[in-house]
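The values are calculated or read from the model by the stated rules, or taken from the named source; none is laboratory data. A quick note: this is a predicted structure, and the numbers were derived from the prediction, not measured. Don't worry about glycine lacking a Cβ; one is built from the backbone with ideal geometry, like all the others, and counts go over all protein chains shown.
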Amino acid sequence: MDGLIAGFGVALSWENILAVLAGCFLGMLVGVLPGLGPVTTISLLLPFTFNFEPTTAIILLAGVYAGVMYGGTITSVLLKLPGEAASVVTAIDGHEMARRGRAGPALGISAIGSFIGATVALVGLTLFAPQLADLALKLGPPEYALLALLGLLLIAYMGNGSFGKAVLAAAIGLFVAVIGLDPVSGQARFDGGSAQLVDGIDIVAAVLGLFGIGEVLYQLRHPEGDSGSVTSKIGRVFPTRRDFRDSAAPIARGSIIGTLIGLLPGGGGVVSSLVSYGTERRLAKRPEEFGKGAIQGVAGPETANNASSTSSFIPLLTLGIPFNVAISLMFSVLLINGITPGPRLIEDEPDLFWGVIASMYLGNIVLLVLSLPLVGLFIQILRVDAHIMAPFIILLSLVGVYTIDSNTWNMWVAIVFGVIGYLMRIWGLPTGPLVLAFIIGGMLETSMRQSLLLSDDGFLIFLQRPGSIVFLALCALLVVSAITGARPKGRSKPPRLTRQTREKAKS
């Protein structure tokens, strides 16, 4: 409690209060635009946070993250177009409620459930983060190396799409991470004779290219929908007593599900929303109503979605390992400011640790206050044509990259990674594992080489410590599960071609 009280002293300074307000408002503003989720928004704002104090920068980005998670609900309910991936589940029943003239209660219960879920996760963050940090202090380089590897494998395993493609994307990210100077010998690696590549690839330029420019290019080729169908008729926003009664249990379960899943690598809003929706459908007295406008199908997933986004800060602040892409961007902000997240963050930077937690309590209240009365304003943003927004976003990305060090080299890096991100989307390769591997790659390499320097038996050191054995077993289990799960159960014999069939095939 002493730490939390001191944190409120930090969060209630005028600059941090402004950061909370601006972050929540900007997050909701961008969250209503289909396709532009928290990763794109945070990556666009990264260059502009370098002039802030580290605590203020993280508070701003945390507010953006929370705001985007709710902003995506508006388009999901009104247009059945998820503003970000985690709102896909909400669109199922939320849009059906809107078609029945109950868009207001759907948005209202989403805001209330989001507030409760994030608050429960914040209480867990306050109570258990210090204990987890104490436990993490007992881990050594072998455990951290395998924990980073486990995180990458889990993200690939739990993500959407092919496990093999996710692993390939992570391998590309690991390769990009080793470009530049060797951290031990100081030798230049994979620089191609370029003086700029000796310092490695700038993480901000790469992220802005992948998620800013690349995403815009993809959205222009594959538009998400027609903004002309936007309606401003919402009706009563505050839910009825029956709505509260039907939503109470789903909100309670969603808070617990989201908080727990947010602690897992790759267990972001999408996974928690899906688990919550499936749970509510199984426990419902009338499961046939799901998909036809059941308010339980909105309350549970939205609560779990925001709870997981909040609890995902626990691994970042206590272990120093980001378990999803948006959190990894905040990880990079701390590293750029010379702060290494991890077990000693609470002792070394108590103002930052407790200030960020306290600001998240404030941001949770701000989101609840802003979300209901400003829905009408956010709906009007949906009328802006995507072809007008695209050049603005690309220009903002390039200007932001240039402001890092007033160097045009990073602008070219952003453009190249924008093309790479666009091609990856077309070819079905996920960009998230690439960015996470790029950011975690440095820690993975450093921990791996430290482990080998400490060992007289080479790689056997990973089999000589209980913690590393557990992590290694989990890594092997994931790989085996992915391989066996992808392998077909049996091959059927090809059908015999009759004479008529062969003649038709030739013709």
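The table below lists the values:
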read-out: Complete set of residues in segment 180-211 that are in contact with a helix residue (DSSP H, G or I) (Cβ under 7 Å, 6 or more places away or on another chain) and polar (S, T, N, Q); value: 196
read-out: Lone qualifier among 259, 303, 310 - being more than 12 Å from the chain's Cα centre (by Cα), polar (S, T, N, Q) and at pLDDT below 85; value: 259
read-out: Identity of the residue in segment 181-195, of a type in the set (A, V, I, L, M) and out of contact with any strand residue (DSSP E or B) (no Cβ under 7 Å at 6 or more places or on another chain), that ends up nearest to residue 452 (Cα to Cα); value: 184
read-out: Residue match in segment 128-136 (condition: closer than 30 Å to residue 347 by Cβ, more than 19 Å from the chain's Cα centre (by Cα), modelled with pLDDT under 75 and outside any helix (DSSP H, G or I)); value: no
read-out: Residue satisfying condition, being within 20 Å of the chain's Cα centre (by Cα) and not in a helix (DSSP H, G or I), within set 338, 342; value: 342
read-out: Selection from segment 279-290 of residues that are in a helix (DSSP H, G or I) and within 14 Å of residue 251 (Cα to Cα); value: 279, 280, 281, 283
read-out: Within segment 263-274, considering residues that are under 22 Å from residue 91 (Cβ atoms) and at pLDDT below 75, the one surrounded by the most Cβ atoms within 10 Å (Cβ to Cβ); value: 269
read-out: Selection count, segment 212-254, where residues are touching a helix residue (DSSP H, G or I) at 6+ places or on another chain (Cβ under 6 Å), part of a loop (DSSP other than H, G, I, E, B) and either modelled with pLDDT of 80 or more or charged (D, E, K, R) (or both); value: 1
read-out: In segment 332-384, residue surrounded by the fewest Cβ atoms within 10 Å (Cβ to Cβ) [restricted to those that are of a type in the set (S, T, N, Q), modelled with pLDDT under 80 and closer than 22 Å to residue 111 by Cβ]; value: 380
read-out: Residue check for residue 408: surrounded by 15 or more Cβ atoms within 10 Å (Cβ to Cβ) and either under 21 Å from the mean Cα position of the chain (by Cα) or at pLDDT 80 or above (or both); value: no
read-out: Verdict on residue 87 being among the hydroxyl-bearing types (Ser, Thr, Tyr), buried (at least 23 other Cβ atoms within 10 Å of the Cβ) and either at pLDDT below 75 or under 30 Å from residue 467 (Cβ atoms) (or both); value: yes
read-out: Which listed residue is in a helix (DSSP H, G or I), modelled with pLDDT of 80 or more and either surrounded by fewer than 24 Cβ atoms within 10 Å (Cβ to Cβ) or in contact with a Leu (Cβ under 8 Å, 6 or more places away or on another chain) (or both), from 74, 17, 59, 42; value: 17
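Every residue, every condition in (1) touching a residue at least 40 places away in the same chain (Cβ under 8 Å); (2) part of a helix (DSSP H, G or I); (3) crowded, with 22+ Cβ neighbours inside 10 Å; (4) out of contact with any Ser or Thr (no Cβ under 6 Å at 6 or more places or on another chain), yes or no:
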{"position": "418", "(1), (2), (3), (4)": "yes, yes, yes, yes"}
{"position": "421", "(1), (2), (3), (4)": "yes, yes, yes, no"}
{"position": "424", "(1), (2), (3), (4)": "yes, yes, no, no"}
{"position": "436", "(1), (2), (3), (4)": "yes, yes, yes, no"}
{"position": "445", "(1), (2), (3), (4)": "yes, yes, no, yes"}
